[in-house]
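As structure tokens, the structure follows; a few thoughts come after it.
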Amino acid sequence: MAQTNILLETGTNELEIVEFYVNQDGYEAHYGLNVAKVVEIGRRQTVTAMPEMRHKALLGAFPHRNGRIVPLIDMAQFLGSGPITNEDAKVIVTEFNTVCTGFLVSGVNRIYRLSWTDVEAPGNFLQNVSRSSVTGVVRLEERVIFLLDLEAIVAELHPAMAISFDGTAADTDGKTYNVLHVDDSSSIRSLVLELLSKEGRFNLTQRVNGQEAWDYLQEIRARSEEEGKPISSYVQGIISDIEMPSMDGLALCKRIKEDPVLKRVPVAIFSSMINESLARKCASVGADAQYTKPDLKALSVKLHDLITKAWG
């Protein structure tokens, strides 16, 4: 894990994933998640039923050694199969969106270090059959590993954890700002588009990963030079996730801040993984702000402030 921290700080577009498998109706399906979200991997825990357990995949909760009460999700049942019953099943305890969640899986294989360029975006068919719970595909050792969107899974089982825009409507200055939003999760893109558009201060253009965002920024940079207009005529701010296929948000931010024209555009990182350590990594690549999902209200307020300060 220490080496991963070094890699992320330098914006080298790399990640580590832990591969696990789930026995689904007689076959072994392989999945992965970002090691940065993993607190620990341990044995199956005895759980206590929780109030309003609306989904059969939510088994209950157990006390964790850090003092938190951790809900446990059976991944096989969430994915539409029967419950996990093998005695050597594992629990992957994760932390994101400032919340700890346990995922019961049939077993854990190993950790891989990859480049985000090795991660393929899922096609529309896979997105539909997985209910948008798969955000990436990795081909390793003659098998396919699906990277899961844990935030989407938790939000489906516990709607209170979904992105929201709490509070009163923001005061507007009568202006609408062009903002590039970058996130590989279709559910997150839809929610952010709906909520920020409803607020009325931002006109959003969306891209699904850092590489597509960078290509778009290069296009409008070239257009600004051809038309003799400042880059702020095309984009005034950027919101980016961290985990994305092809190019992650840290590598994207690093490129933006190293570009002599684009560096003035404020970049706000909006990710489920923001903590003290990752906040330092965001700052090291030049991010102007970082916020934890699902706090979209705080992000909107800060982004507006950054844009008005950057462009006057």
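Every number here is computed from the coordinates shown, using simple stated rules; none is lab data. The model shown is predicted, which means the values in this text are computed figures rather than measured ones. With ideal geometry, Cβ positions are generated from the backbone for all residues, glycine too; neighbour counts draw on all protein chains shown.
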Enumerate the calculated ³J(HN,Hα) couplings along the stretch 204-218 in order (Karplus 6.51 cos²θ - 1.76 cosθ + 1.60, θ = phi - 60°), each rounded to whole Hz, writing x wherever the residue is Gly or Pro.
8, 10, 10, 9, 9, 7, x, 5, 4, 5, 5, 4, 5, 5, 5
Given Cα pairs under 8 Å that are at least 6 residues apart, what percent is the relative contact order of the chain?
16
Evaluate the relative contact order of the stretch 177-311 (contact order divided by residue number), counting alpha-carbon pairs under 8 angstrom at least 6 apart; express in whole percent.
23
Determine ³J(HN,Hα), in whole Hz, for all residues of the stretch 305-312 in sequence, where each value follows from phi through the Karplus function 6.51 cos²θ - 1.76 cosθ + 1.60 and θ = phi - 60°; x replaces Gly and Pro.
5, 5, 5, 5, 6, 6, 10, x
Would you mind working out the magnitude of the charge dipole of the chain relative to its Cα centre, with +1 at each Lys and Arg C-beta and -1 at each Asp and Glu C-beta, to the nearest 20 Debye?
560
How many angstrom lie between the C-alpha centres of the stretch 271-302 and the stretch 14-91?
27
Determine which lysines satisfy two conditions relative to Lys37: a Cα distance under 18 Å, and not lying fewer than 8 residues away in the same chain.
Lys90, Lys281, Lys293
Which Cα, out of Val179, Asn13, Leu104, lies furthest along the positive dipole direction of the chain (beta carbon charges, K/R +1, D/E -1)?
Val179
I'd like the Karplus ³J(HN,Hα) series for the stretch 105-114: coefficients 6.51, -1.76, 1.60, θ = phi - 60°, whole numbers in Hz, and an x wherever there's a Gly or Pro.
10, 5, x, 10, 8, 6, 10, 10, 9, 9
Not counting the cut sites, what is the longest span of the chain without trypsin sites (Lys or Arg not before Pro) that DSSP labels loop and that have at most 16 other Cβ atoms within 10 Å?
176-312
Which option, (1) 20.1, 67; (2) 24.8, 100; (3) 29.2, 125, is the value of Rg and Dmax of the Cα atoms in Å that was calculated from these coordinates?
(1)
Using 1/(1 + (r/R0)^6) with R0 = 30 angstrom and r between the beta carbons of Glu226 and Thr205, what's the FRET efficiency to the nearest 0.05?
0.95
